[in-house]
1. Out of all the residues in segment 549-563, which are open to solvent by 10 Å² or more (accessible area, probe 1.4 Å) and more than 16 Å from Ile584 (Cβ to Cβ)?
2. Need the failing condition index for Met310 against (1) closer than 21 Å to Asp210 by Cα; (2) in contact with a Gly (Cβ under 7 Å, 6 or more places away or on another chain); (3) not charged (D, E, K, R), just the number.
3. Among the listed residues Glu243, Glu207, which satisfies the condition of being out of contact with any Gly (no Cβ under 9 Å at 6 or more places or on another chain) and of a type in the set (D, E, K, R)?
4. If the Cβ limit is 9 Å and pairs must be 6+ apart or interchain, which residue in segment 328-348 that is more than 18 Å from Ala359 (Cα to Cα) pairs with which residue that is within 16 Å of the ligand (Cβ to nearest atom) and aromatic (Phe, Trp, Tyr)?
5. Cβ-Cβ distance below 7 Å, separation of 6 or more or different chains: which pairs start in segment 10-21 with a residue that is surrounded by 16 or more Cβ atoms within 10 Å (Cβ to Cβ) and end on one that is of a type in the set (Asp, Glu) and in a strand (DSSP E or B)?
6. Please note which helices (runs of 4 or more DSSP H) are completely contained in segment 481-590 and include at least 2 residues that are within 25 Å of Thr448 (Cα to Cα) and touching a strand residue (DSSP E or B) at 6+ places or on another chain (Cβ under 7 Å).
7. May I ask you to say which residue of Leu274, Leu242 is more than 14 Å from the ligand (Cβ to nearest atom), open to solvent by less than 10 Å² (accessible area, probe 1.4 Å) and modelled with pLDDT of 95 or more?
8. Going through Asp236, Asp301 one at a time, which residue ends up being closer than 19 Å to Leu337 by Cβ, in contact with a helix residue (DSSP H, G or I) (Cβ under 9 Å, 6 or more places away or on another chain), away from the ligand (no atom under 16 Å from the Cβ) and open to solvent by 10 Å² or more (accessible area, probe 1.4 Å)?
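The values are calculated or read from the model by the stated rules, or taken from the named source; none is laboratory data. On a predicted model such as this, the values are computed, not experimentally measured, just so you know. Don't worry about glycine lacking a Cβ; one is built from the backbone with ideal geometry, like all the others, and counts go over all protein chains shown. Just so you know, the surface numbers come from the protein's heavy atoms only, side chains and all, with ligands and any DNA or RNA stripped out. Shrake-Rupley method; radii C 1.70, N 1.55, O 1.52, S 1.80 Å.
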Amino acid sequence: MAERKSYRLPTTVAPERYELTLAPDLANWTFTGEEKISLNVHEPVREIVLNAAELELHSIELRLADGKVLPGQPSLDAENEQATLSFSENVPAGRHELQIKFSGILNDKLHGFYRSTYKDENGRERRLASTQFESTDARRAFPCWDEPACKAVYQVTLVVDEKLAAISNARVVRETALRESGKKRVVFADTIKMSTYLVAFIVGEFEASDPAMVDHAPLRVWAVPGKKQLGGFASDIGKFSLEHFSRYYAIPYPGDKLDLIAIPDFASGAMENLGAITFRETALLVDREKATRAELERVADVVAHENAHMWFGDLVTMKWWNGLWLNEAFATFMEMLAVDAWKPEWRRWDSFTVSRAAAMQVDGLKSTRPIEFPVERPEEAAGMFDVLTYEKGASVLRMLEQYLGDEAFRAGIRLYLRRHAYGNAETTDLWDALEESTRQPARALMDTWIFQPGYPVISVEKQGRSICLTQRIFRYLRDGSDQDRKWHVPIFLRAGTKSGVVQKTLLLTEREQSIEFDDAADWVVVNAGGHGFYRVRYSAELLDALKRGLQNRLSAVERFNLVNDTWAATLAGLTPLPDYVGLIELLHEENDVNVWTTVIGSGHHLRRILDDAQCTELARRLRQLFTPAVERLGWTPKNGESELESQLRGDLIGALGTLAEDQDCQRRARELFAQYENAPDSVDRNLLPALVAIVAHTGAASDYEKFCNRFKTAKTPQDETRYLFVLANFRAPELIDRTLNLTINGDVRTQNSPYLMRGILLNKHAREKAWAFMKAHWDEMIRLYPDNAIPRMCEGIVGLIKPELEADAREFFAKHPVKQGAKQMEQHLERLHVAVLCQKRWQEFLHS
Ligand SMILES: [Zn+2]
């Protein structure tokens, strides 16, 4: 018999159905509960082990199949978050019922069964309770078999104040008033067979939108009072994406209703509880008339993502947390498909290149990890919610889909879901289904991307009528290790020859391969279409040919990749900085928002690395680049322009006024913001973020006061976060101090404070103060903030680009390890080191 790891539950006993009653007490932030669990005991046992954390167990009874009742004694193991129930005699094999009464606290850490508050229109604090169980926090709400493979049916009952709404995974079957106590008992229908981490209960003064029907299921959007009218946009994409997925998967939505609920305090973006998806407010509630295109896209993305999980994750679930990527990469991939189908004019797969680039940035580090790797203790699963699981995972699925063909790919997905519905699966099950339906070697191809960290850079050279491709691992820091790594690289290639444009697709499995053309190629695009998760490095001759035809030989995504790959090569010391700057200076005719996003992003990065004199020169050259582009677009929307054009105008003006320090632009932005204050509708909504950023960048105390007040009185979640997070961009020392103080003084929700802190660390003028402040208040921050936010807050240290700050950061984190994000912390420190090396390397840049 294999040795059982201490944190894993024995497999001798399996739960089949929970009848769960919970009574939250919002006045005291506590709850009591009672559960009856139908068990299948596979072999006789003396004790039953299940998960429980921060719970008190009051009475335990086991009712055997023959009617005999055995009382149980609990002993709690806090470290492994388990309760061992001992019985006075052997429990025989068979079906029995375990009954437990328990109580717990509604905690303030945004996990388990937790508290949340908001102010009503009279400024009075209102209270509510919600749940967040993924990965392993259902055990804080009720004793359970808290492992994804222990699927069971849940019948939930909530006992709550009469005036409160009560929501759980399934529809309400009965509501009974309990007259003497002023409470009511709300009984919900049985759920499908599912994992504990998907169970949810939400209790508070929520209001719902009118239901939109999706087949048999009503879909509603819920918000605290006063915000219901912000749910229409989410309801639309909710209905569209749910229908889209039921067609794509060829399986109807598995729940009996779908509630989308905005929770004022929420640790992540959203959580895919079957039938009761919870969101942070910015990811669900939005004013479709006033929000920017990017803000609307965020809501559409998150809603589509969570809906995709109803099948991928909820209906079919990973066996253990090492397979988390199966859930998240797929939901991210499906989110793109759905949003792209809903609003083709947003060109969602094009903007996905920005997410892919973010994953490639982390995956080019020595401290990266494979998409799937062994997760031992369940809390380690917390560290897997990162760009490698989501964005790299989705990117390699997209690459596979493009290589296999979308219909063949979809057929494999359908087979996989049908085969494992209501059960659990592993990565290998997915390859089985894809190979069966496509007859293509999906496993060999994907194993190199899923189980191997990093990615290759493909070098491209011309040799007569042939193009020679060579793959080698891409790394920002080259120490000669891992050079023998190879990938099965789907290569999409387009070449311009004398006889016309030629396209080829091939699978590069060896180190090198030559492709012969009938005529010599004048130019060639490798990674044509831009779906590949790799970089390309052209010989000087081939690069020159592409530079000569940037706008006519390359698509927008291909230009994005050319700029982004060159920037990465620059950071890695493979390409001199002047060459990169020379490349972006060729973009004066560029009109694609994503290409500009990567240019602007690299500009901000450079600004943090370079010294003041160099920054002045950088700003001068960027003014020359941005000014004509802004002049071409103008400051006001043109009739009939696309939403992407409106967004581009905002992005470019924002960059011209901050990064490029254009004084004329700064003056004009201030005037327009003043106009916005008097007549909000007279200013294009996509311009607002730029105006706010420029005012903060050049801002004084009076501006700060104004924004702070707007943050506190905002009517939409988007305005609230816009005016909050921009406070990190002010430059005056006393204003930096005020923002730092906001991160711990209780004025900002703990769901937002860590991200505000990250923003201040990334502000070049604030970084030293911010770092000192974070060190001084570290223990307090750890106590206040949700656990998952700590490694994300610490991403801000990549801005501490000075050798002495880097050394100090290393020393500090050696003494203060972030255990739920050890890998991410290593990555942040390596990114910082890459930037410090660049700073040394570029000391001469722009002075010569
Ligand atoms: Zn997800």
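1. Asn552, Arg553, Ser555, Val557
2. Condition (1) is where Met310 drops out.
3. It is Glu243.
4. Between residues of segment 328-348 that are more than 18 Å from Ala359 (Cα to Cα) and residues that are within 16 Å of the ligand (Cβ to nearest atom) and aromatic (Phe, Trp, Tyr), the close pairs are Leu337/Phe245; Ala338/Phe245; Asp340/Phe352.
5. That search, which allows pairs on different chains as well, returns Tyr18/Glu35; Glu19/Glu35; Leu20/Glu35; Thr21/Glu34.
6. Here the list reads 556-571.
7. Result: Leu242 is the single residue among Leu274, Leu242 that is more than 14 Å from the ligand (Cβ to nearest atom), open to solvent by less than 10 Å² (accessible area, probe 1.4 Å) and modelled with pLDDT of 95 or more.
8. Matching residue, one of Asp236, Asp301: Asp236.
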